[in-house]
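Since the structure comes first, as structure tokens, the remarks are kept for the end.
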Amino acid sequence: MRVNFFILCAALALAGGCHLRAAKPVEVPPEEDPLEYSGGVEEVEDSASAAALEMMAGDPAVSEKVTVPVASSKKGVAVGGIAEFDRTVHDFGDILVTAGPQSCTFKVKNISDKPFSIYEVVSSCGCTEATWTKTPVEPGKSGSIKATFQNEDGPLPFDKTLTVYISTLPKPVVLRLRGNVSETKKSLSELYPVAVGPLSFRTMPLKAGNLEQGESRSDEVPVANTGSAPVEVRFTDVSPQLSISVEPNPVPAGGTATLTFTIRSDRSLWGKNIYNASLNGKKISIEAFTKENFASWSDAERKAGSQPVFETSTADFGAVDAGTPVKATFSFENMGKSEFRCYKSDCDTPAASVGPVPTLAPGAKGTFDVTLDTSSLPRGEVTVYIILTTNSPLRPLVNLFLVGVVK
């Protein structure tokens, strides 16, 4: 919980500094209602928080009960053969603090042969409100979801989410609202301060969020040509799991374009990975986090899986002088019914490294070490986050912590 709370707070701060507010509780309709939502309505708050983490912080600990469709601001996106959204992303662009609330409307078409209802829409933040079609949507017809960003949090970039519950979809769908709020109108170079070759970005590296094995993850990123001549974009040296393009191409002088990328999962790649491409000879990087996919597992298979149980999730190295090497040992037992394997270990700082994590038979115990080079760390309290990506359906991700003080 500690790492999730930390990342969620950071995500919300980056997304506009709004206060965390509990998700609106769902009023469950009578059991005889044929359009009753069939998924886990009791998990609305968790899924909304997970969506916020997914989109804004790239946190790997994302709920498996949220559908994040292909990001698109220009074309329809079908979900589960039941609902088709006209888009799943709305970018307000650069808006002023004084512009007041900003609204947009998503259309959702029923592409199935049965009526459905838009059961509930939950915002990831109290600064965004939603209204939606309350009557059943018949096959071939469309409903709508209107979202209003209050624009009350000051000059910051924002990336909000709406978790949409549709009666005949087993999992809710996540939509996105994003943009940048400024106090005064900014130039193109101020809005896109990171130059990579002939194009400029709002930030770098780009983040693809999280995906499970067998899945892919797409996103759209606005880019700008701050120069005085059109730029024809060419991508070379593209990572095998990455597809990337820009539209329009050439990008007009003093204009913007949309960069679209897709990351495909690969069973040789686990945990946090960086995918690269050369944009007219200059490297751009995209981060993504990959974990195991247990969606097709039955309850019996999940219960028969591995289950790592650690003696402690936090190792405290006390107070040490800068430059003192630190080593911590984590002990755990596989209390599951199948062999435990760790696909990959990740740390949030290059100063830390994780030794080999043992493969354990059911009932077996093991240990592994984490070492820390304190010479490159800032003075004061230190918290190192360690994430193990595993084959356990109960604990696909294990969060561990190394804490102490560097004097």
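The values are calculated or read from the model by the stated rules, or taken from the named source; none is laboratory data. Just so it is clear, the structure is predicted and the values come from calculations on it, not from any experiment. Don't worry about glycine lacking a Cβ; one is built from the backbone with ideal geometry, like all the others, and counts go over all protein chains shown.
Okay, residues lined up against (1) farther than 30 Å from P248 by Cα; (2) of a type outside the set (V, I, T); (3) at pLDDT 90 or above; (4) out of contact with any Gly (no Cβ under 7 Å at 6 or more places or on another chain):
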{"position": "N110", "(1), (2), (3), (4)": "yes, yes, yes, no"}
{"position": "K114", "(1), (2), (3), (4)": "yes, yes, yes, yes"}
{"position": "S117", "(1), (2), (3), (4)": "yes, yes, yes, yes"}
{"position": "E120", "(1), (2), (3), (4)": "yes, yes, yes, yes"}
{"position": "G126", "(1), (2), (3), (4)": "yes, yes, no, yes"}
(message) Go through the range 315-346 and report how many residues are assigned to a loop (DSSP other than H, G, I, E, B), over 17 Å from R379 (Cα atoms) and not aliphatic (A, V, I, L, M).
(response) 5
(request) Give the residue, chosen from T312, T389, T349, that is assigned to a strand (DSSP E or B) and out of contact with any helix residue (DSSP H, G or I) (no Cβ under 7 Å at 6 or more places or on another chain). (result) T389
(request) Considering every residue within the range 112-127, establish whether at least one is under 25 Å from the mean Cα position of the chain (by Cα), surrounded by 14 or more Cβ atoms within 10 Å (Cβ to Cβ), small (G, A, S) and closer than 30 Å to A257 by Cα. (result) yes
(request) Show the residue pairs that are 6+ apart or on different chains and have beta-carbon atoms under 7 Å apart, the first residue being within the range 289-309 and free of Cβ contacts under 8 Å to residues at least 40 places away in the same chain, the second being surrounded by fewer than 13 Cβ atoms within 10 Å (Cβ to Cβ) and part of a loop (DSSP other than H, G, I, E, B). (result) A304/K337
(request) Report, by residue number, each residue of the range 219-238 that is more than 18 Å from K283 (Cβ to Cβ) and not in a strand (DSSP E or B). (result) T226, G227, S228, A229, P230, E232
(request) Give the range 90-110 a look and list any residue that's more than 27 Å from the chain's Cα centre (by Cα) and under 25 Å from T258 (Cβ atoms), or say none. (result) A99
(message) I'm told V174 meets every condition in (1) under 30 Å from D113 (Cβ atoms); (2) among the aliphatic types (A, V, I, L, M); (3) in a loop (DSSP other than H, G, I, E, B) except one. Can you identify the failing condition by its number?
(response) (3)
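Yes/no matrix, rows are residues, columns are (1) at pLDDT 95 or above; (2) in contact with a Phe, Trp or Tyr (Cβ under 9 Å, 6 or more places away or on another chain); (3) surrounded by fewer than 15 Cβ atoms within 10 Å (Cβ to Cβ); (4) closer than 24 Å to L388 by Cβ:
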| residue | (1), (2), (3), (4) |
| --- | --- |
| E232 | yes, no, yes, no |
| T236 | yes, no, yes, no |
| A253 | yes, no, yes, no |
| T260 | no, no, no, no |
| G281 | no, no, yes, no |
| A288 | no, yes, no, yes |
| E292 | yes, yes, no, yes |
| W297 | no, no, yes, yes |
(message) Can you confirm whether V62 is modelled with pLDDT under 95, out of contact with any Phe, Trp or Tyr (no Cβ under 9 Å at 6 or more places or on another chain) and crowded, with 22+ Cβ neighbours inside 10 Å?
(response) no
(request) Select from the range 211-240 the residues that are of a type in the set (D, E, K, R) and either in contact with a Lys or Arg (Cβ under 6 Å, 6 or more places away or on another chain) or closer than 23 Å to R176 by Cα (or both) and list them in ascending order. (result) E212, E215, R217, D219, E220
(request) Go through K185, K146, K160, K109 for me and flag whichever is surrounded by fewer than 22 Cβ atoms within 10 Å (Cβ to Cβ) and out of contact with any Asp or Glu (no Cβ under 8 Å at 6 or more places or on another chain). (result) K146
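For (1) within 30 Å of K134 (Cβ to Cβ); (2) in the same structural domain as P101 (by TED's automatic domain parsing), each residue gets a yes or a no:
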{"position": "P157", "(1), (2)": "no, yes"}
{"position": "T168", "(1), (2)": "yes, yes"}
{"position": "R217", "(1), (2)": "no, no"}
{"position": "T226", "(1), (2)": "no, no"}
{"position": "E232", "(1), (2)": "no, no"}
(request) Give the residues of the range 352-383 that are assigned to a loop (DSSP other than H, G, I, E, B) and either of a type in the set (D, E) or at pLDDT 95 or above (or both), sorted by residue number. (result) G355, P356, V357, P358, T359, A361, P362, G363, A364
(message) Among the residues of the range 211-239, what is the count of those that are in contact with a helix residue (DSSP H, G or I) (Cβ under 6 Å, 6 or more places away or on another chain) and among the polar types (S, T, N, Q)?
(response) 1
(message) I'd like the full set of residues that are at negative phi, outside any strand (DSSP E or B) and in contact (Cβ under 8 Å) with a residue 40 or more places away in the chain, limited to the range 75-99.
(response) I82, T88, V97, A99
(request) May I ask you to list the residues in the range 188-210 that are polar (S, T, N, Q) and buried (at least 16 other Cβ atoms within 10 Å of the Cβ)? (result) S200, N210
(message) Take P248 and tell me if it is surrounded by fewer than 14 Cβ atoms within 10 Å (Cβ to Cβ) and within 18 Å of T290 (Cβ to Cβ).
(response) no
(message) Only one of S278, S228, S243, S268 is under 19 Å from P205 (Cβ atoms), among the small types (G, A, S) and free of Cβ contacts under 8 Å to residues at least 40 places away in the same chain. Can you tell me which?
(response) S243
(request) Run T383 past the list (1) β-branched (V, I, T); (2) out of contact with any Lys or Arg (no Cβ under 7 Å at 6 or more places or on another chain); (3) surrounded by 17 or more Cβ atoms within 10 Å (Cβ to Cβ) and report the number of the one that doesn't hold. (result) (3)
